[in-house]
Amino acid sequence: MPLLEAKDLSLGFGGKPVAEHVNLCVRPGEILTILGPNGSGKSTVLKALSRNLKPLNGVVYLAGRDLRKTDGRDIARQMAVLPQSPRAPGDITVQELVTCGRYPHQNWWRGSAPEDRKMVSWALQQTGLAEYAERPLTSLSGGERQRAWIALALAQNPHILLLDEPTTHLDISHQLEVLELLAEMNRRHGLTVVMVLHEVGQAAKYADRIVLLQQGRIVAAGPPREVISEETLRTVFGVEAEVWLDDVTNRPVLLVRGLAKKADAAGG
Amino acid sequence: MDGNTTVIAFPLRNRTCWRLTVCVVFALFAGGALLISLGIGSVAVSPEEILRILRAGLTADAKSQVIWNIRLPRTLVGALVGVNLALAGAILQGVLKNPLADPHILGISSGAGLAGVVILVLYPHLEMLVTPVAFCGAMAAAVLIYLLAWKNGIQPVRIILAGVAVSALLGAGISGLLVFYSDRVHGALMWLVGGLAARSWPHLQLILPYTVVGGLLGVLGAGRLNIMALGDDIARGLGMHVEKTRLLLTAVAALLAASAVSVAGLLGFVGLIVPHMARVLLGSDHRFLLPASALLGAGVLTLSDTLARTIFSPVELPAGIIMAAFGAPFFLFLLRRA
């Protein structure tokens, strides 16, 4: 059974739908990347998967249950969500932030339990932030801060983690650091990861499968070497690029030569 | 509030310790303010005497009469009004994620103001109805703003904008009445500035249930306010029903504020500045911020009222004026030090 499944979603913010006929399923233990040019609707799709946008049509299932008919805390114990560029109060410490991840496991008669503290310190360790626990979030660098938000999500102890462009505003080494962390969590703990990326090379390197969106429609879905081609880069992203297969990883590697001629590009 | 929240530096290792200390200091401040308020006035009563009188209950003794019939109810009403306004402000600032949110922004005060002025100016013989009518006015304004701001749920910015608009509209109504009936303005003016003159046991009975219930719900909601501070997306991801929580907590704040302004008139300042003072010293964790704001609000209002009724004795100033005159500069001082 797919862990997360979207059936014939139509999405929009009133008026014309931003995305239509979106069908996708997330298999347990995979890294799925939603890829597409600006305005292709990839963040919108993630919002719908994470209940932050009510679909105009269609249903999202988490482990076979309709998201809209499932209790929010119940969902939060299975699925964690990290939006793009989240913000926190200026004086919150890393530990306090990560402890918020235990919210779906707590209720008003049961506050903080030993299990909560255990999960929080585990999440801090996994993200390499154990020494930063008492530091204010604002004193951390961009990459460390993003890892702190990931630690918040990990403290939820989810089976699946949804992230919207987790590498935005980070420099290249911190981008890789975040992606390596997610890949590590996926490898070692079987965490299923669904993330929106706009960097084709990174999607090719880290995704098990890619769902490619163009103007609100899925135009390709499959392993990177099937989805990333000179053809798709030209028609979907509007760039001329050379793509070849890395013998070691069996993943596509690309070299962008320049913009495609307008007549060839479908735009988007 | 956001990444720019200013907080006076404190040792992070002893953070909880520091926060508890601040709360204790606020509690002592509130307790001291209550004692001072009971002791100072045309008849001075020492703290030991106050405790003795309170233990003995009401007797024929003159001091006992003053304490039990005049000062105690007025002081308690002042303290509870302070608690309610400060809690309402702290909750609203948290729920609406806007440091400028307070009962005035939500239009609650204007609702109470217009209703009160209508009674005081048009039907002065019904003056005893001012409190309940003002309460209805405040709640009507809150409901109106909710309805205006509702569009697929409640968005903080729309609440604030609707509140500002409704506030302006009701304010125009108040000004209009004051201009048309300028001969009867005086009574209404005292009410609009806000104060505790002649507040007694019936007022206490009116406000107490709201303080108890609102305070309890507010403290229970503190954890949720902390989660909401991380943004709607994160809160929803953590399993919170964001719209429902926002609606409930705003309603709690509305009840707290409505009960306070209906009893004491349009006291400004407490709801806006007291939570900020507490935040500057404590940080933005609502589990500490809410109780601290409540204690500070009680202390500030009681002390202001004591000053208001003694400083130019026998002439009595509205407490609102004192509070703004002393509190605003002090707050600016804190803000510059942060």
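The values are calculated or read from the model by the stated rules, or taken from the named source; none is laboratory data. Keep in mind that this is a model prediction, so the values were computed, not measured. With ideal geometry, Cβ positions are generated from the backbone for all residues, glycine too; neighbour counts draw on all protein chains shown. These area figures cover heavy atoms from the full protein model, side chains too; ligands, DNA and RNA do not enter into them. Shrake-Rupley method; radii C 1.70, N 1.55, O 1.52, S 1.80 Å.
What do you reckon, is A:Glu131 away from chain B (no Cβ under 12 Å), farther than 24 Å from A:Thr192 by Cα and open to solvent by 40 Å² or more (accessible area, probe 1.4 Å)? It would help to see each step written out before you state the result.
On the way: away from chain B (no Cβ under 12 Å): yes; farther than 24 Å from A:Thr192 by Cα: yes; open to solvent by 40 Å² or more (accessible area, probe 1.4 Å): yes.
Yes.
Out of all the residues in the range B:107-129, which are among the β-branched types (Val, Ile, Thr) and closer than 23 Å to B:Ile159 by Cβ?
Taking the range B:107-129 as the starting set, the residues that turn out to be among the β-branched types (Val, Ile, Thr) are B:108, B:117-119, B:121.
B:Ile108 - this is the single residue of the range B:107-129 that is among the β-branched types (Val, Ile, Thr) and closer than 23 Å to B:Ile159 by Cβ.
Applying the selection to the range B:1-33, what residues are outside any helix (DSSP H, G or I) and either at pLDDT below 50 or open to solvent by less than 70 Å² (accessible area, probe 1.4 Å) (or both)? Show your work before the answer.
Going through the range B:1-33, the residues outside any helix (DSSP H, G or I) turn out to be B:1-14.
Once the filter is applied, which keeps residues that are outside any helix (DSSP H, G or I) and either at pLDDT below 50 or open to solvent by less than 70 Å² (accessible area, probe 1.4 Å) (or both), the range B:1-33 yields B:Met1, B:Asp2, B:Gly3, B:Asn4, B:Thr5, B:Thr6, B:Val7, B:Ile8, B:Ala9, B:Phe10, B:Pro11, B:Leu12.
What number goes with the only condition from (1) of a type in the set (Ser, Thr, Tyr); (2) more than 18 Å from the chain's Cα centre (by Cα); (3) more than 25 Å from B:Glu316 (Cα to Cα) that B:Ser182 does not pass?
Just one mismatch for B:Ser182, condition (3).
Can you tell me how many residues in the range A:11-52 are open to solvent by less than 20 Å² (accessible area, probe 1.4 Å) and within 14 Å of chain B (Cβ to nearest Cβ)?
Number of matching residues: 6.
If B:Gly107 meets every condition in (1) open to solvent by less than 10 Å² (accessible area, probe 1.4 Å); (2) over 18 Å from B:Val270 (Cβ atoms); (3) modelled with pLDDT under 90 apart from one, which number is that one?
Condition (2) is where B:Gly107 drops out.
Mind listing whichever residues of the range A:54-96 are touching a Phe, Trp or Tyr at 6+ places or on another chain (Cβ under 8 Å) and either more than 10 Å from chain B (Cβ to nearest Cβ) or over 20 Å from B:Leu230 (Cα atoms) (or both)?
A:Leu67, A:Val94
Specify which of the listed residues (A:Ala80, A:Ala63) is hydrophobic (A, V, I, L, M, F, W, C) and in contact with a helix residue (DSSP H, G or I) (Cβ under 6 Å, 6 or more places away or on another chain).
Details: A:Ala63 fails: in contact with a helix residue (DSSP H, G or I) (Cβ under 6 Å, 6 or more places away or on another chain).
The unique qualifying residue is A:Ala80.
Might you check whether a residue that is open to solvent by 10 Å² or more (accessible area, probe 1.4 Å), more than 28 Å from A:Leu161 (Cβ to Cβ) and out of contact with any helix residue (DSSP H, G or I) (no Cβ under 6 Å at 6 or more places or on another chain) occurs anywhere in the range B:227-242?
Checked the range B:227-242: no residue is open to solvent by 10 Å² or more (accessible area, probe 1.4 Å), more than 28 Å from A:Leu161 (Cβ to Cβ) and out of contact with any helix residue (DSSP H, G or I) (no Cβ under 6 Å at 6 or more places or on another chain).
Hand me the list of helices (runs of 4 or more DSSP H) wholly inside the range B:204-301 holding 1 or more residues that are farther than 21 Å from B:Pro156 by Cα. Reasoning before the result, please.
Working: elements: B:222-228, B:232-237, B:242-264, B:270-282.
By residue number, B:242-264, B:270-282.
Give the residues of the range A:194-224 that are part of a loop (DSSP other than H, G, I, E, B), out of contact with any strand residue (DSSP E or B) (no Cβ under 8 Å at 6 or more places or on another chain) and touching a residue at least 40 places away in the same chain (Cβ under 8 Å), sorted by residue number.
Step one: of the range A:194-224, the residues part of a loop (DSSP other than H, G, I, E, B) are A:198-199, A:207-208, A:215-216, A:223.
With out of contact with any strand residue (DSSP E or B) (no Cβ under 8 Å at 6 or more places or on another chain) added as a condition, the list becomes A:199, A:215.
Of everything in the range A:194-224, just one residue is part of a loop (DSSP other than H, G, I, E, B), out of contact with any strand residue (DSSP E or B) (no Cβ under 8 Å at 6 or more places or on another chain) and touching a residue at least 40 places away in the same chain (Cβ under 8 Å), namely A:Gln215.
Could you tell me which residue of the range A:73-95 is farthest from A:Met195 (Cα to Cα), considering only residues that are open to solvent by less than 10 Å² (accessible area, probe 1.4 Å) and in a helix (DSSP H, G or I)?
A:Val94
With respect to A:Ala183, determine if the residue is part of a helix (DSSP H, G or I) and either touching a strand residue (DSSP E or B) at 6+ places or on another chain (Cβ under 7 Å) or more than 20 Å from A:Gly90 (Cα to Cα) (or both).
Values: part of a helix (DSSP H, G or I): yes; either touching a strand residue (DSSP E or B) at 6+ places or on another chain (Cβ under 7 Å) or more than 20 Å from A:Gly90 (Cα to Cα) (or both): yes.
Judged against the criteria, A:Ala183 is a match.
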